Structures are given as structure tokens and as C-alpha cells.
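Before any comments, here is the structure.
Nothing in this text is a laboratory measurement; each read-out follows from the coordinates by a stated rule. These figures come from a predicted structure and were not determined experimentally. Cβ sites come from the backbone with ideal geometry, for glycine too, and all protein chains shown count toward neighbours.
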Amino acid sequence: MDLVNVDSRRARFETLAPAVIDAVRRYLARRTDPATADDVLSETLLICWRRLDEMPEEHLPWAYGVARNCLANAERGRRRQFRLFSRIARLDPPVAVIDGPGPPDDDLGRAMRELTVKDAEILRLWAWEDLPPAQIATVMGITANAASIRLHRARQKLRDALGKTGDRAGHEESTGRRWS
């Protein structure tokens with residue numbers, strides 16, 4: 001690769017990077033702890049640089065998909081590490097274990113925990129990242145039609161789960177009366 005191509009790649013990456021960094025940082029902050037978010041953001045940017053020629057025009061959903069996969073890898077690593085710590089703890093138990101804060105225990109938090117991982121992720125992409133179904137499809141690696149159907153079903157499941165907690169999401173149901 002000659003110097004001109006390297007400079008043009010670098011210029012393109014430096015143009016795209018600020019928007020990708022900010023959006024992916026927010027995406028990760030909503031899904032994991034700050035240290036993991038920083039690690040996954042770094043890995044995401046590295047992959048974006050390496051695969052810059054493959055990056056589509058709509059680069060943000062593609063970058064979300066890369067970040068989603070990197071986060072899944074980090075979580076698998078965390079689970080492996082936890083299993084190793086568990087085995088070590090059985091052999092040589094720690095003196096004291098300190099638990100960190102858990103997820104919010106409000107009605108929405110409880111309702112989201114009742115959903116499958118995929119349903120919760122589709123709802124987060126739609127509500128938190130403000131992505132339409134076509135871009136959710138890019139992030140999730142599915143068709144736009146499948147994303148639209150899954151989003152509809154996930155919204156219904158969340159509505160049902162919130163109904164069980166007594167919290168009403170959205171608008172109150174109509175009484176059938178119209179005001180003049």
C-alpha cells in the first residue's frame with residue numbers, strides 16, 4: 001500500500017471516527033460497566049480501521065454490529081473468568097466477598113429482565129439508540145423484515161410484562177368518549 005492510499009484511508013477514518021466513537025460509547029455505556037465499555041470501544045475502533053474498506057455508507061449501524069459482537073466476546077471472556085474464579089474459590093475460598101450494585105429494581109428493569117436477551121437488545125436499539133428496523137437489522141445481522149417483526153413482538157412482550165407489574169406503559173387506554 002502506498003503512502004497516498006494510507007493517507008486517504010487515515011483521512012476517511014478520521015472523518016468517520018468522531019461520530020462512531022460518540023455513538024458507540026453511548027451504546028456500550030448502556031449495556032456494560034465503564035471499564036468493559038472502554039475496552040470494547042477500543043476493539044471496535046480497531047476493527048473499523050482494519051475493515052474500513054468494507055464499511056458501508058451507513059457506517060453507524062455497521063459499527064453498532066461490530067460493537068455488539070465485541071461486547072459478546074468480552075462477556076464470554078468474563079463468564080470464562082468467573083468460572084475459573086469459582087473453581088479457585090472452591091479450592092481456596094476468599095475471606096470476604098463484596099457484591100456490587102445490581103441493575104435497577106424498578107418496574108421497567110424487572111420487565112426488561114423478563115425478556116429474552118435478543119428482545120431486550122432490539123428494544124434498546126430502538127429506544128436508546130433511536131434506530132429504525134432497517135438499521136436494527138444491520139446491527140443484529142438479520143433482515144429488515146425480521147427486525148420489524150421482532151421489534152413488534154418485543155414491544156408487545158414488554159407491554160405485557162409491564163402490565164403484570166401494574167405499571168402502564170405509554171398512553172392510558174381510551175374510554176371511548178371524545179371531547180368536543
Formal net charge of residues neighbouring Asn73 (Cβ-Cβ distance under 14 Å; K, R +1; D, E -1):
+3
First measure r as the distance between the Cβ atoms of Ala134 and Arg76, then evaluate 1/(1 + (r/R0)^6) with R0 = 25 Å and state the FRET efficiency to the nearest 0.05.
0.30
Residue-ordered couplings for the range 6-11, obtained by feeding phi - 60° into the Karplus form 6.51 cos²θ - 1.76 cosθ + 1.60 and rounding to whole Hz (Gly and Pro as x), are 4, 5, 6, 4, 4, 4
To the nearest 0.05, how large is the calculated FRET efficiency for Asp107 and Gln156 if R₀ is 25 Å and r is the Cβ-Cβ distance?
0.90
Rounded to the nearest 0.05, what FRET efficiency is calculated for Trp49 and Thr116 with R0 set to 35 Å and r the Cβ-Cβ distance?
0.60
Whole-Hz ³J(HN,Hα) from phi, Karplus 6.51 cos²θ - 1.76 cosθ + 1.60, for the range 52-57, glycine and proline x
4, 5, 8, 5, x, 4
